[in-house]
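FYI, it's all coordinate maths here, none of it is from the lab. Keep in mind that what you see is a predicted model, and the values were worked out from it rather than measured. Cβ sites come from the backbone with ideal geometry, for glycine too, and all protein chains shown count toward neighbours.
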Amino acid sequence: MHMTMKPNIHITGNGSTNGGSYHNVRVMGEAQIFGPLESDSIRSMGNIEVDGSLKSGKIRLIGEASVRGDLFGNDFSIMGQMDLQGSMRSRTIKIRGQLDVRGECEADAFDSRGGFHIHGLLNANEVDIRTWGPCRAKEIGGGRITVRPTKWGGIKQFFSGQGPMTLTAELIEGETIYLENTIADVVRGTHVTIGSGCRIGTVEYRKSLKRSGYAQIKKELKL
């Protein structure tokens, strides 16, 4: 049986190509992809623009990226900045920079050491957020949700003059929730800990609610 091998893309410097199905995509410089792109793996160092959806098993981005559609992956990481016009679904998502998702974001594990703005729902079994920059999501759902400041967050804030490195959401819902530096209208969970730097409208808990450090909670409700 004859098998057709998928071609590779290698762009060094400035270049462009049409979308399609490829094996490996490698970019060192600036690349523009005209149309949806599907590949086994993508590695970009520089600037990549995809004029359509992006689907790949492994995605490694260093620099800047723009995708004018949805993103589907298995293992995604970015060190830099990404603007995604659609929604994102990947088994693992690792952020070391800034991510802007206009739709929803879904993963098994979401690991952020940077900043993000997710305009819809962020949903993952494990959510681990270190607020190195401003973080926003309309709603957050998961099994275990942890939000803490990074070790160097205070130093960055002092030198950059930015406001507090906080997470902001309308609703945060999960089984086990630990929050610091978080502003939310409603927090709902089984075991909930509200720590320093939090301003919460209503906390709804099933089994336990703990306060750690200075936290503001307007209303507490045991379900």
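What you get for the chain, charging only the Cβ of Lys and Arg (+1) and of Asp and Glu (-1), is a dipole of about 800 debye around the Cα centre. For the chain, what is the number of Lys pairs with C-alpha distance below 18 angstrom, counting only pairs 8 or more positions apart or on separate chains? Eligible lysine pairs with Cα atoms under 18 Å apart amount to 10.
Of the chymotrypsin sites (Phe, Trp or Tyr not before Pro) found in the stretch 73-157, the ones in coil according to DSSP and having at most 14 other Cβ atoms within 10 Å of their Cβ are Trp152. Spin-label pair Asp185-Lys218: with each label point 7 Å from Cα along the Cα-Cβ axis, the two points sit 1.0 nm from one another.
Per-residue ellipticity at 222 nm, computed for the chain from helices alone with -39500 (n - 2.57) per DSSP H run of at least four residues, works out to -1000 deg cm²/dmol. With neighbours defined as other Cβ atoms within 10 Å of a residue's Cβ, the residues Leu179, Leu121 order from fewest to most as Leu121, Leu179. Taking the fewest neighbouring Cβ atoms within 10 Å as the starting point, the ordered list for Lys207, Lys94, Lys138 is Lys207, Lys138, Lys94.
Volume of the convex hull of the chain (Cα atoms only), normalised per residue: 118 Å³.
With bins 5 Å wide beginning at 0, the percent of Cα pairs of the stretch 22-86 falling in each bin runs 5, 19, 35, 34, 7.
Name the shape class, rounded, prolate or oblate, that the alpha-carbon gyration tensor gives for the stretch 95-223, where a ≥ b ≥ c are the square roots of its eigenvalues, rounded holds for a/c under 1.5, and otherwise prolate holds if a/b is larger than b/c and oblate otherwise. Oblate is the answer for the stretch 95-223, as a/c is 1.5 or above yet b/c matches or exceeds a/b.
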